Structure formats: structure tokens, C-alpha cells
Amino acid sequence: MPVLSYSPSHTEIPILESLTTGESRHRLIETLVDAVRSEIGRESHQHQLLIGPRGSGKTHTLTLVAHRLRTDPELQSAVLPVVLAEEEVASYPADLMRKVLGKLASILETAPDLKGRDAALRESRNALAALRSEKDDERALDIVIGALESASAALNRLLVVVIENLNSLLYAGPGLSRRATLQGQWGFRRALLESRGLLLLGAAPSLFGEVTQSEAPFYDFFRLHRLGELPPEEMLALIRSRLDLELRKETLDSTRKSRLQTLSDHFDERVPKLRGLLVLTGGLPRFAHLIFDLLAETDVSSVAGTISRFLDEQTPYFQSRLDPRLIPEAELEILDILASSSAPLTPKEIASELRGGVPNAVATFLKRLRDRGLVRPVGNSRKDTRYDLTEPLFRVWRRFRLGRTEREQILVLAEFVAAMFEKGELETELQLLEGLEVSNLRRNVVQSALGLLDKLSPLYASSPFQELIEEAERAFREGNASRALKIFEAALQQISEADPRRKLEILNRMAPVAFSAGMVERALNAIEEAESIARSLDYPLGLAETLLNRGFAYLNLLDYQQALEATRAAERTFQKIGNKQGYATALLNSAWAVFQLGDSQQALQLIQKSEQTFQRLNDLNQVFHCRLLYGQITLKAGRWEEYIEHQIRSYQLMGETANNLIRTQSIQTLWGNLSKLASQADPDRFRRLVRLTEPLLQSVRPEEFMLVYVIRFGADLLRTSGPELLLDVLPILEAGLPEEYSIALHPLRLAAEIQTGKMPKELPEESEEMRRVVREVFEYLKKAPSDTSSVPAPTKGQPKKARKRKT
């Protein structure tokens, strides 16, 4: 069977297994399988959503997950995967689940030995017949969900429903309108929350409004898993696997087999040029298959035709990336500017291309685009951060689409051809074309590719070094400092003695990594060597960064006096050369050293000065770190009132300008610290501190993620301090929250009253739904204090009436 890049679900499982490269992909498959395993036997379920751009391998991954569910000795008798086709169309949730029911019926018809099959098939057929004449959406959804629940019970299996392109099936348009009504989606959410027999395993190319907008039905509903690009080494491994797979085919014609065998024998020699091509295409697995298809072509004209067809086939995908219904106009303009440029740009350069553009505003838009996965920062300098498209092929496609002249088309095709063929092959091809009557396009592509080879060679020669740097930083971001350090050491081996500035750059990056890996001596040696190089070069920026690293090192070694001396020297150097980012960072490190030396007041002044600089630079991540340190200092001094008031002011000041992660972390930290204080403070003071949070409680309407942490705070109080303290502060929390949200704390109140004997455990006067949530509260109380993965929380964004019905 052939490898189908666009339809991996039709490819044999052993082939898919052999084409699964990289630890992260295998780990993701295990994570998804374990997520299903953990849901077996539960009364309600945590549904899963896989996010990854087109071509990243979502179908490939989900196909292997479904296969594992069918073949795992433990799971195959406990779950039943129901996999919908990738291109399913449904206007209403009821129609979507009707397709699931239809697919289940098809599975049951071909599985006569399945225990409970007859009853499940009867339920499915009866419901499908009833749905043909049912016009009411709500009743139709009740019918189909009821049938699926009955089928699950009859089979004694959890139905794992695999649905791709969930974004288009749930999409409700701007303002949450279109044919799929808001009410229908709330009903669908409620049905999934209450279902015992259904687990949804969905996929989408990117985050979409129904899961990101706080007022939307599926906000904070799914557990998210991300499927990103493959690093270059894994892309190369995938191309190599595909080559080995093709060579094993018995049906290969002699010409193609000869071409593939030559590629296999000399694959390592082509790796530098392939790395250069990966720069053009990016790290999506689908592009690895494209590169293989190009490699396997036996002549230049076929390559040109393949590239042209491929780029044309990407048009619907890239047009969807520019959909004005999903991306604000200002962000679209920035995307277009990056796609039109020949290299990454700074915010200032982007602003210069916009009418009335302001760099600070552009920086904010870039952060949003980065959160959407559409752009990424590149470059090594803190002072000169540049941004590029996450998918480099976007730029190639745009040039191909907008290139109206033959010359522009030739240049696009020539870049690929130059990367696919050696100089000798192209020269031979050109000689053959001289004696043939062929189109000028074919001849010109070969000539242009030959002209590019000399220009591209230095890029390909240097790319392995740059790839090492990027791989080291990626490993460090993922928490693997030891691996990052080894990669940095390998990069140092490639640096010529004639290039001391590059060596200085690597040493300055490597020193903090060495500390994180626990190799203190190696870190100090790197700093010493870097400082020597910086002083010999008379290079102030390199010296300032080295001094900053030295201060960081002494902070870690608890030598605060030497840390302060180094960071103060870094401050002065950064200030002298006008590097405000480095200056503010040095101020922040000095603040920590000063605090540890006993001067809290001066430390707070330095933090405020640092924060003001970061605010002017619009660096909200560093602003957050300043406020985090401010909070630590006031906490350590026991100034709880000041700490809470500062956190509230910080949160309000950040407002909508900070990304959601920063705001969530600040609130999580505040409520977590408050819960720890409960066992230390006297009840009167604790109540006063909780009352100080009223401005936060009142802002729950627009900031609904906070409600999760308020509930977690209450649950942790119940677990660590007992029901009396919780019942003491619950009235404060309930009074502070908007009325329609205060009902969310009712399950905690009932649990506390059961523990104190004020309410019977059976809760006869409460609804079954309320009893279920209270049971989940007690399950949470049994978990270890560090396990906060499944705190019982109400649905978010529902109107008051729905909120009381569905806590």
C-alpha cells in the first residue's frame, strides 16, 4: 500500500508506526492512550483536544491511538473507538452525534461476536429511525445521546469518539452566531459533562473561539495537547525512513529504484542541503513527505511540476490562515508584511511598513500572533528580537501566488531545485536541454538553480551550527539542561579561533544552562572565559552579558555581596551602551541580592525601577517577574496586607494587555499563598485578608478562570484546615462574587456541612447533579495536596438560570 500523505488513516498501521519519528510523538501517543485509560469507570469524563496545524500529523497520531485502543490487552475489552472521517460536515451538535451513532451502528454490524452487540445495535437503529423525522434540535440531541449511552451500557464499554476538524464542527461565527446556535452548544456541553459512556477525543488545526473565549460554551472544557513541528533531526529521520520504506517495494521500476538507491547510498552527503530546504518548508511531517517526493523524482522538470502542484494545493490552507473572521485586521496586516519580507523583522521594521504604525502596538499584536502559533521570535540578541512566520512555506506560497511574471515563478522553483540536485546533475540536465525543444521555463529554472548554488552553499554549510544552537535552547526550554549543555559543547567545537565573538555568544548562553544542570564549575569556567574574550575584544555588550551571568552565578551560590557587585557593574555597562532590556534585568537581579543582604526597602525601589523600564519596553513577561519578586519580598517580611493589595493592583494594571498565562499565574499564586496562610494566621486576621480579595472576586465575570482558583482555594481550606474555617470564610467569598457565580461554591458548602454533621451525606433535597459534584469534592479531598488536576469546578460562562441547574 502506498504512503498517503494527506490520508494517513488509509495507510497500513505498520507503515504508520515506522514513520513515527521522535520521542515527543511517541510520548504524545502514550499520553492520549493513558488519558483514555484513566477515564474507564468514571461517572463523568475529561474530554481531550489535540491541537496542531495542517500537516503536523494529527490524523496519523489519532489513527495510531485508535489502533492502540483496539489492540491493547487491557483496553480492547473496556473501550470502543468510534472514528469519524476527517471531512465530516454537521451544522448542529445533534447532526454531529447522529453521524457518530451511524458510525457505531456500522461497526456493530460487522462485529457479531461483540458482547452486548445485539442490544446496542437495536438501540442505535431505533434512534436513527426516530431522528429522520425529528426536527427539534434539542430533542434530537437527547435522542442520539440517549442511544449512545444505552449502547455503551449494553456493550459495557466506554465509547471513545474521535473527531477531527472540531473547530469547523463547533464554529459558531463572530459573536457566537450562525446556524449552530449558542443554546445548542450549551446543550451539547451539558450532555458531554453528564455522559458516562462517551469520551470525546477531538482535533483542530489551531485554538478557536469556542474553547478560548471566556463566554463561549466550551471555554476551559477540554484538556489540550499540542502537536508542533518536528526538529530538523527528526524531519531528516522521517525522510530517511520513507526512503528505506520505498526501497523495500517490489514493484519499483528500474529507473526509480536506481535513483532511490543512489539517494540512500549518499544520504548523509545531502543532509546539509536538506537542512537548508527545511528552512524553506518548516518542520511539519507533511513537508518531509513532500521533500522525499521531490528527491525521488528522476528529472528536474518533474520536480518543478511537483513543486508547482504542491504550492497550488496549499492555497485553501493558507487562505484559511488569513481568514478575517478569525484574525483581527491589524494582525492580518502584520502577517502579510512578514510573508512579503525576505527575512525576519523587528517590531520597529514592521511598524515602518504600516500606516501610522507604532512599535509598542506592533509588539502587542506579535505576542497575540505568537500565542496563536502563527509567528515565532528568532535571533540571538535580546536587544534585537526579530519575528518570522511559524510556517516558512507560507512565504514561498505567497511569492508563488503573487508572482505574476515568469521570472518570479522561476525564482521560487529554482530555490527548491537548487536544494534537490547536485551541481553536476544540473549541468548535465542543462546540456541535455540545449539539444531539445523544450519550454524556456524548464531551461530557465535549471539555469537559475545553478546560479543559486554558490549563494546557497554558505547557508547550508553554516546551518548545522545554527541548528545546534536552536536545538540546545529548545532542550533547555523543555527542562533538559543536561542535554542542552552537551549540545552547546558540541557547538563550541565547531567555532574557529578566528571567530571569538561567536564563541563569546555561546559561552554566555551556556553558563546559565550549566548552573541549571548542576555543573557549577563548568558554568564559572565559561563565565571566566567569556569575560576574558569580551575584554580582549573591547566588546561592551558581551561584557555586560557576562557580568550579568556572573551575578546570576553568585546569587545561586548565595554569595550575595559578590552577586551585587557583578550585577551593579552589568547595570552600569548596559546603561552606558543604551541596552534598556539588559539594564532592567540587571536591576532586577540587584534587587534580589540587596534583599538577601537585608535591605528590603532598597530592593523594592530597584524592583519598581526595573518594572518601569520593562513596561516602557512592553515586556510583560519581565513585568510579571518583577511583581513576583515584589510579592516574595513582602511575603517573607510577613506584610500580607501589602502583598494582597499589590497583587490586586498588579492584576488590574495588567488587564487585557497581558497574555492569559501571566494573568492566570498571578491569580494562582495569590490564592495558593492564601490557602497556605490559613494554618498560620489567627481566624480574625485571615478573614480580614480574604475580605481584601473582594476586587478580584467582583471581576470574576470577565476573568472567569479566576473562579477555578477560588473554588480550589475553598477546597484546599476544607482539606487542610477543616470545615469550620471554610464555613467561616464562605460568606465572604459568596458575598464578593457576582450573584450568578456565587452558586459555584454551594458544593463546597454542602461538603463542609456534611463533615460537621449539619447535612446528611445522602443530600435528599438536592438534585442528582449537585450530589454528583459534591461526590467529586470528596474525591478531590482524598488526593495528595500537590494533585490539583481535577478540582471540581462548575461550567463557565453560563447564564444565571443554567448555572443554578448545572453547577
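Observations, loosely collected:
- Filter pass, ARG550 being basic (Lys, Arg), at pLDDT 85 or above and crowded, with 18+ Cβ neighbours inside 10 Å: yes
- Extreme residue, modelled with the highest pLDDT, among residues of segment 357-375 that are surrounded by fewer than 16 Cβ atoms within 10 Å (Cβ to Cβ) and farther than 19 Å from ARG616 by Cα: ARG370
- Some residue of segment 307-325 being of a type outside the set (S, T, N, Q), buried (at least 21 other Cβ atoms within 10 Å of the Cβ), at pLDDT 75 or above and over 23 Å from ARG616 (Cβ atoms): no
- In segment 6-47, residue modelled with the highest pLDDT [restricted to those that are open to solvent by 30 Å² or more (accessible area, probe 1.4 Å) and touching a Lys or Arg at 6+ places or on another chain (Cβ under 8 Å)]: GLN46
- In segment 21-68, residue nearest to PHE208 (Cα to Cα) [restricted to those that are assigned to a loop (DSSP other than H, G, I, E, B) and touching a Pro at 6+ places or on another chain (Cβ under 6 Å)]: PRO53
- Looking only at residues of segment 462-474 that are at pLDDT 70 or above and more than 12 Å from MET510 (Cβ to Cβ), we find that the one that is nearest to the chain's Cα centre (by Cα) is ARG474.
- When SER590 is tested against the conditions (1) within 27 Å of ALA491 (Cα to Cα); (2) open to solvent by less than 10 Å² (accessible area, probe 1.4 Å); (3) in contact with a Ser or Thr (Cβ under 6 Å, 6 or more places away or on another chain), the lone failure is (1).
- For the criterion of being among the hydrophobic types (A, V, I, L, M, F, W, C) and modelled with pLDDT under 80, LEU692 passes.
- Filtered by the rule that a residue be over 14 Å from the mean Cα position of the chain (by Cα) and of a type outside the set (A, V, I, L, M, F, W, C), segment 222-244 gives PRO231, PRO232, GLU233, GLU234, ARG240, SER241, ARG242, ASP244.
- Answer residue from segment 728-740, given it is open to solvent by less than 30 Å² (accessible area, probe 1.4 Å) and of a type outside the set (Val, Ile, Thr) and is nearest to SER679 (Cα to Cα) among those: LEU730
- GLU642 being open to solvent by 10 Å² or more (accessible area, probe 1.4 Å), assigned to a helix (DSSP H, G or I), more than 30 Å from VAL362 (Cβ to Cβ) and modelled with pLDDT under 75: yes
- Every residue from segment 200-227 that is in a strand (DSSP E or B) and of a type outside the set (D, E, K, R): LEU200, LEU201, GLY202, ALA203, ALA204, LEU224, HIS225
The values are calculated or read from the model by the stated rules, or taken from the named source; none is laboratory data. Keep in mind that this is a model prediction, so the values were computed, not measured. A quick note on method: Cβ atoms are made from the backbone with ideal geometry, for glycine too, and the neighbour counts reach across all protein chains shown. For accessibility, only protein heavy atoms count, side chains too; no ligands or nucleic acids. Shrake-Rupley method; radii C 1.70, N 1.55, O 1.52, S 1.80 Å.
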